[in-house]
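I have placed the structure first, in the form of structure tokens, so that the comments after it can refer back to it.
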Amino acid sequence: MLSEVLGLTSYPIEVEDLKYTYDGRKYAVDGISFSVREGEVFGMLGRNGAGKTTTIRILSTLLKRSSGSVKVLGMDPSTAGNHIRKRIGVVLQDESFDFTTVEKAFDVYGFIWGVSKSERDKKRESLLSTFELTDVRKKRMWDLSGGQKRRVQVAREFMHDMDLLFLDEPTSGLDPIARRNILNMIKDLTKDGLSVLFTTHNLEEADYLCQRVAIMNNGKILASDTIDALKTGYNGLKTVEVKIGGDQTGAESMFSKVSSGRVEPPFERELPYRIVTENTQETMQEIIKLALADSVQIEWLNVRAVSLEDVFISTIAGGV
Amino acid sequence: MNIVNSYRLMIRNVRVNTDPGTLVFLVLMPTIYLVFMGYMFGTLISQIPVGSTSINYKEFLSPGIAAFETATAGIVAGGLLWSDRRYGMFEQILSSPYTRAEYLFGILLTTLVFGFIGSGIMMLVSEAFLDYTAVSLMGVGLIVVSISLGSLFFGCMFLAIAAKVKSNQAYNSLTILIIFLVDFASTVFYPITSATPEALKVLFYVNPLTYIADVVRAGYISTVTTTDLVELLVTFIETMVMVAIAVLLYRKVRVGVT
Ligand SMILES: Nc1ncnc2c1ncn2[C@@H]1O[C@H](COP(=O)(O)OP(=O)(O)O)[C@@H](O)[C@H]1O
Ligand SMILES: [Mg+2]
């Protein structure tokens, strides 16, 4: 706090009005501004195509921005790429692997980073056990399951030291336990001052791991704040979830008649409709009445507190 | 651009390529050519005139196969760009402390290393059944220069293809087609004679492997003619052109394009 007052807070990432276009026509990143503080896990939330990966590619010096200003560890990625790359770690969204065994993959990756042989051996052993890869250490990378490959890819990044880590959907394809292990490991590392930029479309993860998040859609940041502050905007509101059973045909027209709250249709058929409302009693009565009148079959109905997911969905729905 | 970084990437490239598949490709296949063709054609073909002397078929084939290894090395090394792009390591390495130029240079070093290892092994293998070699210091020099140029030429050629072609099938069929054409439209297995059809001759003379095979052969028997020096010059020019093409296409390779 004192350092903030004195203006000593360093921002590992500072982004101002950043834009990027792949084809010269459409902006994949369309004027975003945010900063990441030292030792924090900053979450970028957004659906596929929001522009998260593009942002990471620019910050990790892989792409040159179209416009705007960017500072990574106090340096400009378009001129100081080499200095930045020495101090960052990047877990890409797409798989990346060599055609070797698991243990050799760790060793070769450490070698690329100039880590000494004895240090490589030590780190490899500890990472193999932390990420529960000991059983597959002799296996070849292409014989691993998707989740095991992902675990190697994330674990491998810790073969070297860094000040800033980019994680692009690191938990995609992982089972819940592996997911939780990785999140905990990242949490531990940030205690030692590591700053992390983390992208996900899993809101629970962001809730668990991140101090602050930015919600991105269509290349823009729609909201950016601490998770608590984002939820505060929804104080006093509740979410009514309604799952429609059987034939869904009448559902859309039925929900369009709801007037006691804001309706968010589900992204997927299997998910419930959500109604964010101040008055749950009124909303439930209204829905039951409408369902009877339109002969729409309700499979179940549930009332709960507003979650980060609700904030996310409402923000994005409001943004398009 | 730091050459130590490229050296480090070269070691990585060699380490990730020391799998049985590569070894079969680099050692076993040419050994089969050498042994089978050497013995089978060796009994059918008598002396072959080379420069001012003449040699038997085994003596003709052995340096040819050593030269042939430059093309094999090129496929392995140039192909790294393709597999690194395809399997995400290109992007991963470029977000590590390496520049694009260092990555490119790492591949060029790799093609040289594989070229020398491959042709070196073939020379050793052929020692086992050759009756006669008389390599002089000058011969060694010629062999080293032409193996270097050949490895660079083919490394750049397959790197250029890897920079252009994305699909697995297209890349594989194209490389197989090219390698067959390059190997057979050259003087690796047989000399060009007055009976060779004109159209084929053109193909032979465009192909740098013809010159590389000729010069390595000249180095082997230490009978160097001015023709060999002209051939070396042509190889040098073709290699520089291919390096330029590879660099141009490599510069256009974008990350994040799958
Ligand atoms: N290599 C590329 N070439 C052209 N367009 C791309 C490329 N990569 C991503 N895009 C486009 O840029 C937008 C943002 O994509 P991306 O950054 O991958 O989003 P996210 O990571 O949030 O899913 C999308 O519309 C996507 O189609
Ligand atoms: Mg992405």
*Roughly how crowded by other chains is peptide B:85-91, in terms of the mean Cβ count from those chains within 10 Å of each of its Cβ atoms?*
5
*Cα axis of helix B:208-221 to longest principal axis of chain B: angle in degrees, 0 to 90, nearest 10?*
50
_Under a Cβ-only charge scheme (Lys and Arg +1, Asp and Glu -1), can you give me the dipole magnitude of chain A about the Cα centre, in debye to the nearest 20?_
920
*Starting from the amide H of A:K220, placed 1.01 Å from N in the peptide plane, find each other amide H under 5 Å away whose residue is 5 or more places distant or on another chain.*
A:D30
_Cα centre as origin, Lys/Arg/Asp/Glu Cβ charges: chain B dipole, Debye_ = 1020
*Let me know the mean shielding of B:11-17 by other chains, meaning the per-residue number of their Cβ atoms within 10 Å of its Cβ.*
4
*Who wins for biggest fluctuation among A:L237, A:L290, A:L73 in a Gaussian network model of chain A, springs between alpha carbons below 10 Å?*
A:L290
*Return one number: the angle in degrees, 0 to 90 and rounded to the nearest 10, between the long axis of the Cα atoms of helix A:280-294 and the longest principal axis of the Cα atoms of chain A.*
70
_Give me B:F204, B:F60, A:F312 sorted ascending by neighbouring Cβ count inside 10 Å, so fewest comes first._
B:F204, A:F312, B:F60
*What 222 nm value per residue comes from the helices of chain B, counting each DSSP H run with n ≥ 4 as -39,500 (n - 2.57) and dividing by all residues, nearest 500 deg cm²/dmol?*
-24000 deg cm²/dmol
_Farthest toward positive dipole pole in region A:163-291 [+1 Lys/Arg, -1 Asp/Glu at C-beta], among A:T283, A:G219, A:G250_ = A:T283
*List the relative contact order of region A:60-156 as a percent without decimals, with contacts defined as Cα pairs under 8 Å and 6+ residues apart.*
29
*Give the relative contact order (percent, whole number) for region B:3-251; include only Cα pairs under 8 Å separated by 6+ residues.*
27
*Sorted peptide list for B:162-175, B:116-129, criterion being average Cβ within 10 angstrom, highest first*: B:116-129, B:162-175
*asked:* What distance in nm separates the two pseudo spin-label positions at A:D192 and A:W142, each 7 Å out from Cα along the beta-carbon direction?
replied: 3.5
*Put +1 on the Cβ of every Lys and Arg and -1 on every Asp and Glu Cβ in the protein assembly as shown; which of B:F60, A:G261, B:M122 then has its Cα farthest towards the positive end of the dipole?*
B:F60
*From the phi of every residue in region A:40-45, what ³J(HN,Hα) in whole Hz does the Karplus formula 6.51 cos²θ - 1.76 cosθ + 1.60 yield, where θ is phi - 60° and glycine or proline is x?*
10, 9, 9, x, 10, 9
*Out of B:P191, B:Y205, B:V243, whose Cα points farthest toward the positive end of the dipole of chain B (charges: +1 Lys, Arg; -1 Asp, Glu; placed on Cβ)?*
B:V243
*Got the relative contact order for region B:107-258 handy, in percent, Cα pairs under 8 Å and 6 or more residues apart?*
36
_Computed [θ] at 222 nm, helices only, for chain A once each DSSP H run of length n ≥ 4 contributes -39500 (n - 2.57)_ = -10500 deg cm²/dmol
*Please give the helix B:57-86 orientation as an angle from the longest Cα principal axis of chain B, in degrees from 0 to 90, rounded to the nearest 10.*
10
*Other chains' Cβ within 10 Å of B:93-102 residues: what's the mean?*
6
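No lab work stands behind these numbers, since they all come straight from the coordinates. The shown structure was predicted, so the numbers you read here are calculated from the model rather than taken from an experiment. Here Cβ is always computed from backbone atoms with ideal geometry, including for glycine, and neighbour counts include all displayed protein chains.
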